[in-house]
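Reading through the structure tokens given below for one structure.
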Amino acid sequence: MSKIQTLMRYAAAAAAALVLSACGSQEPEMPWQSVSWDEAGLEMRFPCAPEFARTPVDFGMEIGSVPVSMMGCDAVDSTFAMSQWVLNDAAQADDALAFWEVAVLSQFDAVDGDGAKSGAQFVPAGAMDLPRSIRATVQGVGRAGWTVTTHGVWFARKEGDKARIYHAVIYAPKAYHQTANTFFNSIILK
């Protein structure tokens, strides 16, 4: 066997090893950056520069549509987003979280990971301690027919007689528990 054939075999083996390692369970490296959102009264880290939008959403509550503000972006193969809106009656905050969770989770199956059990309490410092303030990881089929894993958290903060309702989410092709931990644990209410 010639030296060129031997080198080509080594190169082919190295390329195959590289491809196989990319298909493993490693989560993608992300260039995390701090983002401050004054309207929402929070800071958090995103792996990309988020864009901002506002749209009316009806969660099925008797209050009708509410203006939901969002920031989000795409990084690697995932979408990262944070949404928030103001509820006029803080006493209804837990119900509002429940309606929003049902809107997102009802069509998926839970996918638990180390330290990331679906339905576990999620209450950042300064948030209201509510039963529906949770973290969930679920999997299902998206609109395009592909498998989608959704990592999400829902929580609320009291603002006088009102409550600000939050939802942070990652849509990914598979469960990225460590990435979700980094994203959700970076949330700081100001």
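The value of relative contact order for the stretch 42-190, using C-alpha pairs under 8 Å at least six residues apart, is 26 percent.
Largest first, the residues Met61, Met44, Met70 sort by 1.4 Å accessible area into Met70, Met61, Met44.
Remark: accessible surface ordering of Ser36, Ser106, Ser133 (largest first) is Ser106, Ser36, Ser133, probe radius 1.4 Å. Rolling a 1.4 Å probe over the protein heavy atoms leaves Thr179 with an accessible area of roughly 10 Å². Set the Förster distance to 35 Å, then compute FRET efficiency between Gln139 and Lys162 from the Cβ-Cβ distance, nearest 0.05. E between Gln139 and Lys162, to the nearest 0.05, is 0.55.
For the stretch 35-98, the relative contact order is 24 percent, taking Cα pairs closer than 8 Å that sit 6 or more residues apart in sequence and dividing their mean separation by the residue count.
The values are calculated or read from the model by the stated rules, or taken from the named source; none is laboratory data. None of these values were measured; they are calculated from a predicted model. Quick reminder, even Gly has a Cβ in these numbers, built from the backbone with ideal geometry, and neighbours come from all protein chains shown. For the accessible areas, the whole protein counts, side chains as well, though only heavy atoms, and no ligand, DNA or RNA atoms are used. Shrake-Rupley method; radii C 1.70, N 1.55, O 1.52, S 1.80 Å.
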